[in-house]
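The values are calculated or read from the model by the stated rules, or taken from the named source; none is laboratory data. Small disclaimer: the values here were computed from a predicted structure and weren't measured. Please note: Cβ atoms are built from the backbone with ideal geometry, for glycine as well, and neighbour counts cover all protein chains shown.
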Amino acid sequence: MATKVLDSWALIAFLEDEPAAEEVEKLLQRAADERHKLLLSAMNWGEVYYNTMREVSQEAAEQKAHEIASLPIEVVGVGEDLALVRQAAIFKATHKLSYADCFAAALAKLRNAELVTGDPEFQAVEKELKIAWLR
């Protein structure tokens, strides 16, 4: 089964019904049908939470958190071996990416997964990862 990593850009597009929402919805349906696996870094989960809290309210952030929990997405923490943190730190040291984006890239690299995003910042790692670009 193929594995895909959503970054916060993709998840926010879905949650806020932005133009790429339909593409993300198809990915979610395929994951629900067990045609592929969807992953989300805990750092990117946090990014969705703090953006919602900052732009709307903590109550709205909690609602988004509950909505994310209902989706066929596995949230991946950093783990005790720190491999995810190490790879994110390598990306941060060698590319112009936000730290949260480094976690999405690191998760995709370590899981040999396709990164799903529309964030042009990921062009910096396009040669190192397979990226499905949303529009």
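Tabulated results
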quantity: Residue match in the stretch 41-54 (condition: under 14 Å from Val5 (Cβ atoms) and more than 16 Å from the chain's Cα centre (by Cα)); calculated: no
quantity: Verdict on Val75 being assigned to a strand (DSSP E or B), out of contact with any Cys (no Cβ under 7 Å at 6 or more places or on another chain) and not charged (D, E, K, R); calculated: yes
quantity: When residues of the stretch 72-99 are limited to those that are buried (at least 19 other Cβ atoms within 10 Å of the Cβ) and in contact (Cβ under 8 Å) with a residue 40 or more places away in the chain, the one nearest to Glu34 (Cα to Cα); calculated: Ile73
quantity: Residue check, Leu84 modelled with pLDDT of 95 or more, over 14 Å from Leu11 (Cα atoms) and touching a Leu at 6+ places or on another chain (Cβ under 7 Å); calculated: yes
quantity: Residue match in the stretch 101-123 (condition: small (Gly, Ala, Ser), in a loop (DSSP other than H, G, I, E, B) and either modelled with pLDDT under 95 or farther than 24 Å from Ala2 by Cβ (or both)); calculated: no
quantity: Hits in the stretch 69-100 (condition: of a type in the set (A, V, I, L, M) and over 21 Å from Met1 (Cβ atoms)); calculated: Ala69, Val78, Leu82, Ala83, Val85, Ala88, Ala89, Ile90, Ala93, Leu97, Ala100
quantity: Failed item, numbered, when Thr117 is tested on (1) of a type outside the set (Asp, Glu); (2) free of Cβ contacts under 8 Å to residues at least 12 places away in the same chain; (3) in contact with a Leu (Cβ under 7 Å, 6 or more places away or on another chain); calculated: (2)
quantity: Filtered residues of the stretch 120-135 (kept if more than 13 Å from the chain's Cα centre (by Cα) and touching a residue at least 24 places away in the same chain (Cβ under 8 Å)); calculated: Glu121, Ala124, Val125, Leu129, Arg135
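Yes/no matrix, rows are residues, columns are (1) under 18 Å from Ser98 (Cα atoms); (2) at pLDDT 95 or above; (3) not in a helix (DSSP H, G or I):
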| site | (1), (2), (3) |
| --- | --- |
| Thr3 | no, yes, yes |
| Leu11 | yes, yes, no |
| Lys26 | no, yes, no |
| Ala31 | no, yes, no |
| Leu39 | no, yes, yes |
| Gly46 | yes, yes, no |
| Asn51 | yes, yes, no |
